[in-house]
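Quick one: the structure is below, questions incoming.
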Amino acid sequence: MGASYGNVTLLTDRALLIEVCRDLALSVYISAAEFGRVTIYGKHADESMVEVSRLSALLSSKLHCAALGVNVHDDSVFQYELFNDGRKLDAYCSASNFFDESAPESKPVVNAPQFLAEVFNVDLIGIKAILEYDKASQYELADAGEMKEDDVKYVFESSRHHDLNTCLRLPRFCNYGYASLRFGDFPAGYSANEFLSI
């Protein structure tokens, strides 16, 4: 079984986020602030995008800020939703047919990545290259002998998420989830002291 994790990165003040999470009695880990971004890891965010979406919308609304909620399921699907002031601006799914086996294979569903570029002040071209990469068609080329299977990118969707984080200039701890932190698996260069448990 592949990696599964979820989290929400907010462009807000960490002290305010801690206060709001305590007021709402949320069970979360809260990262240290880095580059004006703070990531929270909800107790059930690793399990479903529904929980990630709920946390993203709620905290974005309460803190009047942007929130990027992500979920990687079994390293086979990467999803995100971007909110600002509680309003959903964008959503993405790398394999929309994954949860419906009767659906035909589909390319990644890319909606409005220009909002990611605006919110994080980065180049749209890099974001689109990552999000629009269709590994299924690359596997078809490999099967036909037109490219090497080793050259297919994003065999694991956590790799796509990692590349997007790099493009958006997000901290390394954005590729982790609640379960990892709970079991003491912290990102390289970070310690337990940088993650507050509420």
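Of Ser53, Ser191, how do they rank once you tally other Cβ atoms within 10 Å and put the fewest first?
Going from least to most buried by this count: Ser191, Ser53.
Further, regarding this structure: Using θ = phi - 60° and the Karplus form 6.51 cos²θ - 1.76 cosθ + 1.60, what ³J(HN,Hα) does each residue of the stretch 34-44 get, whole Hz, x for Gly and Pro?
Each residue of the stretch 34-44 in turn: 8, 6, x, 10, 10, 10, 10, 10, x, 3, 10 Hz.
Ranking Leu68, Leu116 by Cβ neighbours within 10 Å, fewest first, what do you get?
Leu116, Leu68
If Lys and Arg each add +1 and Asp and Glu each add -1, what is the summed charge of the other residues whose beta carbon sits under 12 Å from the beta carbon of Glu81?
Cβ neighbours under 12 Å give a net charge of +1.
Since every read-out is calculated from the coordinates, none of them should be taken as a lab result. Since the structure is predicted, the reported quantities are computational estimates derived from the model, not experimental observations. Positions of Cβ are backbone-derived with ideal geometry, glycine not excepted, and every protein chain shown enters the neighbour counts.
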